[in-house]
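A short worksheet on the structure shown next.
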Amino acid sequence: MTATAPLARATVAQLRASRIREVANEGMGRPDVLPFWFGEAAWPSPALVVDAAQAALAAGATRYVQNLGLPELRDALGDYVGALHGATAPEEIAVTSAGVNALMLGAQLVVEPGQRAVAVTPLWPNLVEIPRILGATVECVPLAFGPRGWTLDLDRLLDALTPDTRLLLVNSPNNPTGWAMDAHAQRAVLERCRRHGTWIIADEVYERLYFGDAGERCAPSFLDLAGRDERVIAVNSFSKTWLMTGWRLGWMVLSRSLLPDLGKLIEYNTSCAPSFVQQAGVAAVRDGDGVTRDFVAALRRSRDYLVGALAAIDGVDVHAPQGAMYVFFRLRGVTDSLALCKRLVREAGLGLAPGSAFGDEGEGFVRWCYACDVALLEEGVRRLRSVVAPPS
Ligand SMILES: Cc1ncc(COP(=O)(O)O)c(C=O)c1O
């Protein structure tokens with residue numbers, strides 16, 4: 001009797017595995033490797049958050065809680081989002097098990113199999129693969145890389161937003177490029193989406209990691225322009241703003257008319273985010289502004305160092321990103337960024353992410369997460385030079 005190995009459904013089998021992981025698998029566990037491949041700060045989560053979680057655990061916050069989140073966290077987030085983007089009620093907020101779960105829930109809410117989605121790329125792969133898991137097709141509208149860094153051809157995006165487009169996915173500030181969509185483009189896109197009844201999932205997890213004019217607290221957001229009862233779902237996360245990647249906590253801002261159905265989806269996906277983690281989240285939202293400000297100041301220093309150091313390497317094209325925590329730079333002559341990144345791990349102990357992981361238009365580029373001390377970046381640059389610009 002020949003047993004046939006059981007396989008996943010075709011849609012899932014056809015998903016592309018993460019190429020960032022593929023590189024990391026080459027070097028994970030090797031203590032000599034400098035890991036700049038994932039989107040994670042080298043610094044620990046803030047003490048105020050750890051303390052709040054410990055206190056919550058000690059008080060027994062270990063049980064199932066509300067599908068849509070603890071009322072005190074939704075209240076705190078309502079105040080927080082309201083201060084950044086205008087009045088937002090707790091009933092327009094749902095707490096999720098991190099940003100990636102919020103993206104999946106948002107797509108599950110609005111996309112049917114066979115429908116058309118549009119995404120602005122290069123892009124963190126999850127945003128493109130999530131609608132595909134649900135059976136949608138995704139058309140990518142690429143940013144262009146030129147003398148002014150990464151830019152959007154707005155007309156091209158508007159043309160892609162056809163009347164049958166169900167969903168637009170925009171991540172701004174963008175992973176991997178650091179590009180941020182300006183309010184003018186957001187207004188035009190929102191107008192087009194309103195006309196066609198197209199949903200927008202705005203991935204704004206890097207909104208606070210933004211290097212705009214001094215004093216600006218965050219990047220332009222669709223929430224600044226759209227009413228809360230529109231077809232806009234804004235996704236956010238505690239991972240980046242408060243250095244809480246492993247805590248798996250996020251939120252969505254959306255029309256209150258969606259909440260009964262969203263509650264059902266959360267019930268069937270995760271049921272709720274962990275209660276002690278949500279209590280730590282309250283501390284982050286209420287008392288963590290200084291944490292974020294210090295983080296952004298450190299990121300700015302690291303970014304400025306790294307951009308300058310990379311620009312000084314022959315054959316590198318690089319521009320200062322407007323936001324997020326990555327430099328996405330081109331190495332002239334490189335046609336296989338995956339092979340190059342594996343080689344950098346093997347030969348130099350340097351962990352970077354291949355541009356092709358973020359879409360075909362990312363080929364030839366490499367992503368470097370710079371959320372760490374400058375000294376670590378200096379060593380990284382030395383290692384990069386040893387492979388791509390060895391002394392002759
Ligand atoms: C663009 C973007 N969206 C969402 C996320 C999700 O982050 P998390 O699931 O940790 O909240 C990430 C993480 O890297 C990201 O880069």
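The shape of region 1-150 comes out rounded: with a ≥ b ≥ c from the C-alpha gyration tensor, a/c is under 1.5. For residue 378, what accessible area in Å² do you get when you roll a 1.4 Å probe over the heavy atoms of the protein chains, rounding to the nearest 10? Number for this one is 90 Å².
With a Förster radius of 56 Å applied to the beta-carbon distance between residue 374 and residue 64, the computed FRET efficiency rounds to 0.80.
Principal-axis analysis of the Cα atoms of the chain puts helix 374-388 at an angle of about 50° to the longest axis. Computed over the alpha-carbon pairs of region 315-363, the distance histogram in 10 Å steps reads 24, 56, 20, 0 percent, short to long. Length gained on full extension, residue 55 to residue 195, computed as 0.36 nm times the residue gap minus the Cα-Cα distance: 45.5 nm.
Amide H contacts for residue 237 (H built 1.01 Å from N in the peptide plane; partners 5 or more residues away or on another chain; cut-off under 5 Å): 251.
Both radii were evaluated on the Cα set of region 171-251; the Rg over Rh quotient, with Rh as the Kirkwood radius, amounts to 0.98.
Structure remark: mean-square fluctuation, Gaussian network model of the chain, C-alpha springs under 10 Å; the largest value among 355, 197, 250 belongs to 197. Taking label points 7 Å from Cα along the Cα-to-Cβ direction, residue 148 and residue 5 give a separation of 5.1 nm. Here region 93-208 is treated as a sphere whose radius is the Kirkwood value from Cα pairs; by Stokes-Einstein at 37 °C and 0.692 mPa s it diffuses with a coefficient of 229 µm²/s. Among 290, 69, 263, the residue with the largest mean-square fluctuation in a Gaussian network model of the chain, with springs joining Cα atoms closer than 10 Å, is 290. In sequence order, region 280-285 has phi-based couplings of 5, x, 4, 4, 4, 5 Hz under the Karplus curve 6.51 cos²θ - 1.76 cosθ + 1.60, θ = phi - 60°, and Gly or Pro positions carry x. Close amide H partners of residue 138, meaning residues 5 or more places away or on another chain with modelled amide H under 5 Å apart, are 117. Extension gain, residue 320 to residue 336: 0.36 nm times the residue separation minus the Cα-Cα distance gives 3.4 nm.
Protection proxy ranking for 295-303, 151-159, using the average of other Cβ atoms within 10 Å per residue and placing the highest first: 295-303, 151-159. Summarising the label geometry, the points placed 7 Å from Cα in the beta-carbon direction at residue 229 and residue 286 lie 3.2 nm from one another. What you get for region 105-173, charging only the Cβ of Lys and Arg (+1) and of Asp and Glu (-1), is a dipole of about 140 debye around the Cα centre.
Based on the Kirkwood approach, the hydrodynamic radius assigned to region 141-195 is 11.9 Å, with every pair of different Cα atoms included. In terms of accessible area, using a 1.4 Å probe and ignoring ligands and nucleic acids, 43, 199 rank largest first as 43, 199. Descending by average beta-carbon neighbour count within 10 Å, the peptides 181-189, 169-177 line up as 169-177, 181-189, the highest first.
Projected onto planes of every orientation and averaged, the convex hull of the alpha-carbon atoms in region 239-392 covers 12.2 nm². With the convex hull drawn around the C-alpha atoms of region 246-293, the volume per residue stands at 95 Å³. Calculate the tail of P(r) for the chain: the fraction of all Cα-Cα distances greater than 41 Å, expressed in %. Here the tail beyond 41 Å accounts for 12 percent of pairs. 3J(HN,Hα) along region 290-296: x, 4, 5, 4, 5, 4, 5 Hz, from the Karplus curve 6.51 cos²θ - 1.76 cosθ + 1.60 with θ = phi - 60°, whole Hz, x for Gly and Pro.
Per residue, the average separation of C-alpha pairs within less than 8 Å and at least 6 apart gives the chain a relative contact order of 25 percent. Comparing 298, 123, 351 along the charge dipole axis of the chain, the residue lying farthest to the positive side is 351, per the Cβ-charge model. Here the 3J(HN,Hα) profile of region 343-350, calculated from phi with Karplus coefficients 6.51, -1.76 and 1.60 at θ = phi - 60°, is 5, 4, 5, 5, 8, 10, x, 10 Hz, Gly and Pro shown as x. For region 265-356, the square roots a ≥ b ≥ c of the C-alpha gyration tensor eigenvalues yield an a/c of 1.5 or more together with a/b not exceeding b/c, which makes the shape oblate. Computed over the Cα atoms of region 169-320, the ratio of the radius of gyration to the Kirkwood radius (Rg/Rh) comes to 1.01. Mean-square fluctuations from a GNM of the chain, with a 10 angstrom spring cutoff on Cα atoms, peak among 241, 96, 62 at 62.
The values are calculated or read from the model by the stated rules, or taken from the named source; none is laboratory data. Predicted model only: the values in this text are computed from it and were never measured. Reconstructed Cβ throughout: ideal geometry from the backbone, glycine too, with neighbour counts over all protein chains shown. Just the protein is used for accessible areas: all its heavy atoms, side chains included, with ligands, DNA and RNA removed. Shrake-Rupley method; radii C 1.70, N 1.55, O 1.52, S 1.80 Å.
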